[in-house]
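Report on the following structure.
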Amino acid sequence: MNGGQRIAQVLQSHGVKFLFTLCGGHISPILKGAKDLAIRVIDVRHEATAVFAADAVARISGIPGVAAVTAGPGATNTITAIKNAQLAQSPVLLLGGAAATVLKGRGALQDIDQMALFKPHVKWAKAVTRVRDLAPTLSKALQIAQSGVPGPVFVECPVDLLYDEAVIREWYAASTPQGNALPDRVVRTYLKHRARQIFAAADGDDNTAVSVVASLPPSTGVIERSVARIAKAKRPVLVVGSQALVDAHQAAAVATAIERIGMPVYLSGMARGLMGLSHPLHRRHQRRKALREADLVVLAGVPSDFRLDYGRNVRRSACLISANRSRVDLNRNRRPDIAALADAGLFLRALADKLDADVSSRWSEWQDVLVERDAEREREIDINASRSGEFINPVSLCRSINAQLPDNSVIIADGGDFVGTASYIVKPRKPLSWLDPGVFGTLGCGAGFALGASLCLPDHEIWILFGDGSVGYALAEFDTFARHKIPVIAVVGNDACWSQIAREQVKMLDDDVGTVLARSDYHEVARALGGKGVLLQDAEQTAACLDEARSAAREGVPVLVNSWLDSTDFREGSLSM
């Protein structure tokens, strides 16, 4: 059994079903080993896409997503996606090829210090130097990726650990000088010694056993203090973030707990869709105003970062309760009155078990206030959607998309202004059906997220909402979608501009430098790469074009709808600092 087969065996034992890659000679045995064990190998057109796809698999399935890339530039191409996974707290395993151990630092092809590159951006990084260490290192990496605060891990797998022993010994022999001079004899001795080291005890226990990842329940004392404070609240607000769904399998239980708690709830990140399409507790608009008026705020897996104005959205006189797996995030910018260093989902479930069943009845007046605010904002959106122009109103287009979404849909958000508009209007139908990059705000994640989502949920409609800026990162992956029969529906909001930047830049600097794009024929690129392209320029044709796209997707064809948009001031003042 060669090193590639050993790696595949570990992945199989941990329930890994997909391996995302862009091929390279350094990692070929890993790909072959995975294929032989019925792990589906998906080759993409950029290494970042492979990591984004692994990230999506991890978020949706709860099983670490895995990508394998070749050495040097293959590895460096993944850094943005790896950093995004780190900040999104997503358990991803990246397998990196590397130069042969005996050639490290000698100018070998694609040889760089990959460990120095990855260590700041992952939970754990390890360079393997012996074949017998491959399996236990991978098992440890997978456990670390899921434990505590989840995150990405990196394992470097040098090429001379992956191929058959006979092949490696032949390579070493070919590199061995044949002369009798002392330097030649020293090199021969070293290479023989190194070969023995690499393959020593290689046929021993491969240690592919799956380790149980411990849960992080809250303490009884924290729950009791939280219950006592909640019982006194008159205007409570609950905010639930992605970390509450780190364990994807507990999504339904977390939703039930929120319903039993009975607080008005705002959902963000992977928690969007947790309460379904129209749950009476779920509030969608004017969260900042609600937080500033609340006398008690519960943050479940949500740090007080820029999204909560660094904690300033919650007034100082309010009781702040926070549950988070990360001690740093728990106290970031503002120390909570009650801190639960625990899994946010388990915290909510424990809270629901201890609260009196009738406590929420005292909050009906407060609920009514927030319901009316939502209704008021929806009326404002109606007014925005009714405005007509030369092409298509983006608010109206988002309304049309929302009307088309079936219950078995997944929404991938990859863009700035158009996607920001959609976040107010396009409503995920169920838990784990909205994927956005998270706190890093990364563009270019959409194709990989859609790839991972489609493989995990093959019976779902996968919709990607692209800005015309972000789609530039993704167009080549329509080749991937077509080759692997991934029937995504991509809608591009094409306003020929990086609008989220331009709107504020022109206002403040009176210059649009660097923000102007063209009304490019993105649909023709998708068509050329094996997909279907649809051009949408007339608002009256919106429903028909979306119907056409859905019909093609049902036949297994990836589709791109190039939607020409009018400019809008819907998101005036949305630039974040």
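Inspection of the stretch 44-54 finds a residue satisfying the criterion of being surrounded by fewer than 24 Cβ atoms within 10 Å (Cβ to Cβ) and in contact (Cβ under 8 Å) with a residue 24 or more places away in the chain.
In the set (1) of a type in the set (A, V, I, L, M); (2) closer than 23 Å to Arg45 by Cα; (3) modelled with pLDDT of 95 or more, the condition left unmet by Ala98 is number (3). Restricting Leu451, Leu370 to those that are modelled with pLDDT of 95 or more, closer than 22 Å to Gln89 by Cβ and surrounded by 22 or more Cβ atoms within 10 Å (Cβ to Cβ) reduces the list to Leu451.
If you go through the stretch 326-337 and pick out every residue that is in a helix (DSSP H, G or I) and surrounded by 13 or more Cβ atoms within 10 Å (Cβ to Cβ), you end up with 2. Taking first residues from the stretch 357-384 that are within 29 Å of Val395 (Cβ to Cβ) and partners that are modelled with pLDDT under 90 and in a helix (DSSP H, G or I), no Cβ contact under 6 Å between residues at least 6 apart in sequence or on separate chains turns up. Any residue at all in the stretch 556-575 that is in a helix (DSSP H, G or I), closer than 17 Å to Phe391 by Cα and touching a residue at least 60 places away in the same chain (Cβ under 8 Å)? Checked against the condition, which is being in a helix (DSSP H, G or I), closer than 17 Å to Phe391 by Cα and touching a residue at least 60 places away in the same chain (Cβ under 8 Å), the stretch 556-575 yields no hits at all. Where helices (runs of 4 or more DSSP H) sit wholly within the stretch 8-89, those with at least 2 residues that are over 13 Å from the mean Cα position of the chain (by Cα) occupy 28-36, 73-76. So if I check each of Val395, Val314, which one is closer than 26 Å to Gly273 by Cβ, hydrophobic (A, V, I, L, M, F, W, C) and assigned to a loop (DSSP other than H, G, I, E, B)? Step by step, each of Val395, Val314 is checked, and only Val314 is closer than 26 Å to Gly273 by Cβ, hydrophobic (A, V, I, L, M, F, W, C) and assigned to a loop (DSSP other than H, G, I, E, B). In the set (1) at pLDDT 95 or above; (2) out of contact with any Pro (no Cβ under 7 Å at 6 or more places or on another chain), Glu461 fails one condition alone, (2). Filtering the stretch 338-357 to residues that are assigned to a helix (DSSP H, G or I), among the aliphatic types (A, V, I, L, M) and in contact with a strand residue (DSSP E or B) (Cβ under 6 Å, 6 or more places away or on another chain) leaves Ala344, Leu348. Residues that are among the small types (Gly, Ala, Ser) and in contact with a strand residue (DSSP E or B) (Cβ under 6 Å, 6 or more places away or on another chain) within the stretch 319-337 comprise Ser322, Ala323, listed in sequence order. Scanning the stretch 231-262 for residues that are out of contact with any helix residue (DSSP H, G or I) (no Cβ under 7 Å at 6 or more places or on another chain) and assigned to a helix (DSSP H, G or I) yields Lys232, His249, Ala252, Ala255, Thr256, Glu259. Among the conditions (1) at pLDDT below 95; (2) crowded, with 22+ Cβ neighbours inside 10 Å, Gly531 misses just one, which is (1). Of the listed requirements (1) closer than 19 Å to Ile63 by Cα; (2) at pLDDT below 95, Gly25 misses just one: (1).
Looking at the stretch 103-126, is at least one residue outside any loop (DSSP other than H, G, I, E, B), among the β-branched types (Val, Ile, Thr) and touching a residue at least 12 places away in the same chain (Cβ under 8 Å)? No, every residue in the stretch 103-126 fails to be outside any loop (DSSP other than H, G, I, E, B), among the β-branched types (Val, Ile, Thr) and touching a residue at least 12 places away in the same chain (Cβ under 8 Å).
The values are calculated or read from the model by the stated rules, or taken from the named source; none is laboratory data. As the structure is a prediction and not an experimental result, all values here were calculated from the model. Because the Cβ atoms are built from the backbone with ideal geometry, glycine has one as well, and the counts that use them run over all protein chains shown.
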